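A.B. asks: Just dropping this structure here.
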């Protein structure tokens with residue numbers, strides 16, 4: 001398996017523009033997570049899905065952020081409109097259905113580095 | 001929200017030295033994980049500890065979960081340049097939805 005795939009790897013955009021980040025989880029994984037990493041705030045969970053259904057979106061910063069998972073092999077994180085403070089590395093991760101067991105593991109993608117000018 | 005503080009934030013040491021990284025919280029976690037992240041990549045799981053007082057070894061790395069399951073430590077013996085990276089602890093919170101809260105991170109640099 002190729003692991004978790006994210007695209008694009010780098011995105012530079014101007015304030016006010018719409019940004020869409022994409023993720024393909026590992027085949028067979030039932031959980032998908034979106035994280036944001038910055039120097040100031042570290043790695044923060046934004047939202048996670050189980051079997052394509054959003055379970056916890058309490059980490060989504062505000063209404064400008066939205067995430068979808070139309071099927072088991074694809075998810076998007078959209079920011080509209082984008083702001084400079086959204087600049088960060090966004091990670092997607094996936095996990096097997098035993099996520100709620102003690103010995104689970106999240107497999108992270110390589111991340112998308114977003115810069116909003 | 002449960003918080004995890006890691007110390008030190010930054011550590012630069014010579015090859016061959018030993019070091020310990022700490023992960024502390026005032027909250028209890030049902031389990032705790034340690035990840036290592038290299039530049040340009042996502043975090044990779046190193047270990048999961050579940051039982052209070054549990055000790056796990058992974059080659060030169062020794063992980064310990066506190067008796068009260070509120071803290072953890074990572075000890076590296078004879079550090080090597082390949083150990084360089086960002087070390088993150090992550091605790092499984094015990095309230096609300098099941099999810100992992102990540103610590104603030106320790107950035108380690110091992111000089112040859």
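A.B. asks: In chain A, how does Rg compare with the Kirkwood Rh, expressed as the Rg/Rh ratio over alpha carbon atoms?
C.D. replies: On the way: Rg = 13.6 Å, Rh = 14.2 Å.
My calculation puts Rg/Rh at 0.96.
A.B. asks: Report relative contact order for chain A in percent, whole number only (criteria: Cα-Cα under 8 Å, sequence separation at least 6).
C.D. replies: The value is 36 percent.
A.B. asks: For chain B, take every pair of Cα atoms, bin their distances at 5 Å starting from 0, and report each bin as a whole percent.
C.D. replies: 2, 13, 24, 25, 19, 10, 5, 1, 0, 0
A.B. asks: Across peptide A:22-33, how many C-beta atoms of other chains are within 10 Å of each residue C-beta, on average?
C.D. replies: Other-chain Cβ atoms within 10 Å of each residue's Cβ, averaged: 0.
A.B. asks: In a Gaussian network model over chain B where Cα atoms closer than 10 Å are linked, find which of B:82, B:16, B:96 has the largest mean-square fluctuation.
C.D. replies: B:96
A.B. asks: OK, next. Return the average number of partner chain Cβ atoms within 10 angstrom of each residue Cβ along peptide B:35-48.
C.D. replies: 4
A.B. asks: A follow-up question, please. Looking only at other chains, what is the average number of their beta-carbon atoms within 10 angstrom of each beta-carbon in B:97-105?
C.D. replies: Counting other chains' Cβ atoms within 10 Å and averaging over B:97-105 gives 6.
A.B. asks: Here's another thing I want to ask about it. Percent of Cα-Cα pairs more than 22 Å apart in the protein assembly as shown, please.
C.D. replies: 52 percent
A.B. asks: Springs between alpha-carbon pairs under 10 angstrom, Gaussian network model over chain B: which of B:95, B:72, B:31 fluctuates most?
C.D. replies: B:95
A.B. asks: For segment B:11-112, what's the relative contact order in percent, using C-alpha pairs closer than 8 Å and at least 6 residues apart?
C.D. replies: Contact order relative to length: 35 percent.
A.B. asks: Tell me, what is the percent relative contact order of segment B:2-71, built from C-alpha pairs under 8 Å that lie six or more residues apart? Spell out each step's value before the answer.
C.D. replies: On the way: 100 pairs, mean separation 18.6, N = 70.
About 26 percent, as a whole number.
A.B. asks: Is the C-alpha gyration tensor of segment B:28-89 telling us rounded, prolate or oblate? Criteria: a/c under 1.5 is rounded; beyond that, a/b larger than b/c is prolate, otherwise oblate.
C.D. replies: Verdict is oblate for segment B:28-89.
A.B. asks: Once you've got the GNM for chain B with C-alpha springs shorter than 10 Å, pick whichever of B:30, B:73, B:12 has the biggest mean-square fluctuation.
C.D. replies: B:12
A short reminder: the numbers here are calculations on the coordinates, not readings from a lab. Note that the coordinates shown come from a computational prediction; the quantities given were computed from them, not determined experimentally. For neighbour counting, all protein chains shown are included, and Cβ atoms are generated from backbone atoms with ideal geometry for every residue, glycine included.
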